[in-house]
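One structure is given below, encoded as structure tokens.
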Amino acid sequence: MISRFKAVIFDWDGTLMNSEARIVSAIQFAAKQCGLPVLPHHQSKQIIGLSLDRAISQLYPNAELDQVAKMAQAYTQHFLYESAIEMQPYEGAEVLLDSLKQAGFMLAVATGKSRKGLDEVLDKSGFGYYFHITRTPVESASKPDPLMLKQILEYFDLKAEQALMVGDTTFDMQMAQAIGMPRVALSHGVHELERLQSFDPLVSFDHLAELQAWLLAS
């Protein structure tokens, strides 16, 4: 069953990178700067994975367009340049990517991050080397729209059933399900496993090492 996959598509935040604390802090900072209510951590983190504008609009549905734009600008400035909160890859992330690349899998990223944000973190982490293609809402559409996955499949010249989506949010599961792409849920990220399982993932794992063993099993 496993050998049928030619490509593995990863979400970024909450899947490969433990960035929840920095994202939520930046959201809360930007809200305060813009005079909007500062929402609690658990509520703020639920939108991780969406494009920034969509995330803000979902958290603050009554915000005016100029408030959303102002908050997005404040978030980006704080997240990229001002936050003192460190981000680290989840344990086993680089070993996983290296082993999959050596095994011949084609690798991709489908993320809600901005292009600038993704390029910067890929450069700093050194993870950019592992990916054949990456997609963000800047050149695609926000999750859960499956356009990112369709673009990646077109690039690889693969059918949906030949690729695997790996993510930690319902947005990841939903966009893969929409085009019939098999999916794996990770419990170490943003959304609770019970929510992820409602989208019928093939399997779920608590750690990246478990995913690695499963993908490389003969």
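The values are calculated or read from the model by the stated rules, or taken from the named source; none is laboratory data. Computed from a predicted model, the values in this text were never measured in an experiment. Reconstructed Cβ throughout: ideal geometry from the backbone, glycine too, with neighbour counts over all protein chains shown.
The table that follows gives values for the structure above.
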read-out: Flag for V109 being of a type outside the set (S, T, Y), at pLDDT 95 or above and within 14 Å of the chain's Cα centre (by Cα); value: yes
read-out: Some residue of the stretch 68-84 being among the charged types (D, E, K, R) and crowded, with 19+ Cβ neighbours inside 10 Å; value: no
read-out: Unique residue being assigned by TED's automatic domain parsing to the domain that holds D172 and over 22 Å from V138 (Cβ atoms) when the list is A7, A93, A31; value: A93
read-out: Of the criteria (1) touching a Gly at 6+ places or on another chain (Cβ under 9 Å); (2) modelled with pLDDT of 95 or more, which one V190 fails; value: (2)
read-out: Considering residues of the stretch 58-106 that are among the acidic types (D, E) and modelled with pLDDT under 95 only, the residue nearest to A30 (Cα to Cα); value: E82
read-out: Counted residues, the stretch 179-198 - those being in contact with a helix residue (DSSP H, G or I) (Cβ under 9 Å, 6 or more places away or on another chain) and either aliphatic (A, V, I, L, M) or within 18 Å of F5 (Cβ to Cβ) (or both); value: 10
read-out: Residue check, V190 in a strand (DSSP E or B), among the aliphatic types (A, V, I, L, M), outside the structural domain of I56 (by TED's automatic domain parsing) and under 14 Å from the mean Cα position of the chain (by Cα); value: no
read-out: Boolean, S51 is modelled with pLDDT under 95 and not charged (D, E, K, R); value: yes
read-out: Pairs, first basic (K, R) in the stretch 184-209, second assigned to a helix (DSSP H, G or I), C-beta under 6 Å, six or more apart; value: R195/T170
read-out: Pair list, Cβ < 8 Å and 6+ apart or interchain, from the stretch 156-174 residues that are within 16 Å of L215 (Cβ to Cβ) to residues that are outside any helix (DSSP H, G or I) and of a type in the set (S, T, N, Q); value: V166/T15; G167/T15
read-out: Residue within the stretch 158-165 that is among the basic types (K, R), part of a loop (DSSP other than H, G, I, E, B) and either at pLDDT 95 or above or crowded, with 24+ Cβ neighbours inside 10 Å (or both) present; value: yes
